[in-house]
Amino acid sequence: MEEEGLSIRETAKQFRIGPASVSRWINQIEPKASTTRQRKIDKSELIKDVEQYPDAYQKERAERFGVCQKAIWQALKKMGLTYKKTLRHPKADESARQTFQQKNNSMKKKVSLLFLLMKVVFHTIPHGLTAIPQKVNAVLV
């Protein structure tokens, strides 16, 4: 912008940025040299760990590598490895799983039956009456 004779303030206004940014750019034309950060997780070791323990939890991997679980998640994501469990996990108790599924299915049936009954009751109430409990003389009616 020096060629056009504009001040820092005018240049900032033209590009809709702050004048401090223009000043920084004028004083530092060359970009700063960046260095790669030392990583705690060795990618080759992580790949070996995934091959050796395919169904391990991220928390378990984190303990083995001495990092937090989020670091493992981020490393797996950067490497393009998805983290999916098998349905028949070796640590899972099959009888407990079946018991849970049976209870869950029976609960779903009960909830849907209750919803159906409520729907029938609310549709049969005359329009002048309400189904909301009310207090009359401090007694719930």
Between a residue in region 58-79 that is over 12 Å from Glu45 (Cβ atoms) and any residue that is aromatic (Phe, Trp, Tyr), which pairs come within a Cβ distance under 7 Å, given they are 6 or more apart or on different chains?
Gln58/Trp73; Gln58/Tyr83; Leu76/Tyr83
Please note which helices (runs of 4 or more DSSP H) are completely contained in region 28-86 and include at least 1 residues that are surrounded by 13 or more Cβ atoms within 10 Å (Cβ to Cβ) and of a type in the set (Lys, Arg).
58-65
Do the conditions hold for Ser95, that is, is it loosely packed, with under 10 Cβ neighbours inside 10 Å, outside any loop (DSSP other than H, G, I, E, B) and modelled with pLDDT of 75 or more?
yes
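The values are calculated or read from the model by the stated rules, or taken from the named source; none is laboratory data. All of these numbers come straight from a predicted model, not from anything done at the bench. Using ideal geometry, Cβ is built from the backbone for each residue, glycine included, and neighbour counts are taken over all protein chains shown.
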